[in-house]
Amino acid sequence: MPATLPWMSWQVGERVVVRRREEDGLYDALGELLEVAADHVVIRTRKGDVYVPAHKMVVGKRVPPSPWEQ
């Protein structure tokens, strides 16, 4: 049986953070989840939309709304 992909339980519109591995180090994408698929997620950050392929994901989770959104 294939392993469950944790991000597949996330819902579009939730606030999430994903750490991804790039050639020059680790980077975080924090923001609103725009798209979720088995092979990627798209997150709207303050700097723009970030496409994160599944093979680059190190860890990710849902996070509470930012203080100015409450």
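The values are calculated or read from the model by the stated rules, or taken from the named source; none is laboratory data. This is a predicted model, so every value here is computed, not measured. Glycine gets a Cβ as well: all are built from the backbone with ideal geometry, and neighbour counts include every protein chain shown. Please note that ligands, DNA and RNA were not included when accessible areas were found on the heavy atoms of the full protein model with its side chains. Shrake-Rupley method; radii C 1.70, N 1.55, O 1.52, S 1.80 Å.
With both labels modelled 7 Å from their Cα along Cα-to-Cβ, the residue 49 to residue 19 distance reads 2.7 nm.
Kindly state, as a whole number, the per residue volume in cubic angstrom of the convex hull around the alpha carbon atoms of the chain. Don't skip to the end; give the middle numbers.
Values: hull volume 6.5 nm³, N = 70.
It comes to 93 Å³ per residue, whole-number rounded.
When only the Cβ of Lys, Arg, Asp and Glu is charged (+1, +1, -1, -1), the dipole of the chain relative to its Cα centre reaches about 180 debye.
Placing dummy labels 7 Å off each Cα toward the beta-carbon, the span from residue 66 to residue 35 is 2.3 nm.
Probe of 1.4 angstrom, ligands and nucleic acids ignored: what's the accessible area per residue over the chain, in square angstrom?
Values: 5100 Å² over 70 residues.
Ligands and nucleic acids excluded, the result is 73 Å² per residue.
Give me the percent of accessible area attributable to carbon and sulfur for the chain, probe 1.4 angstrom. Accessible surface attributable to carbon and sulfur in the chain totals 54 percent.
Considering only protein heavy atoms, with the full assembly of protein chains and a 1.4 angstrom probe, order 15, 44 by accessible area, largest first. Before the final figure, lay out the partial values.
On the way: 15 60, 44 120 Å².
Solvent-accessible surface, decreasing: 44, 15.
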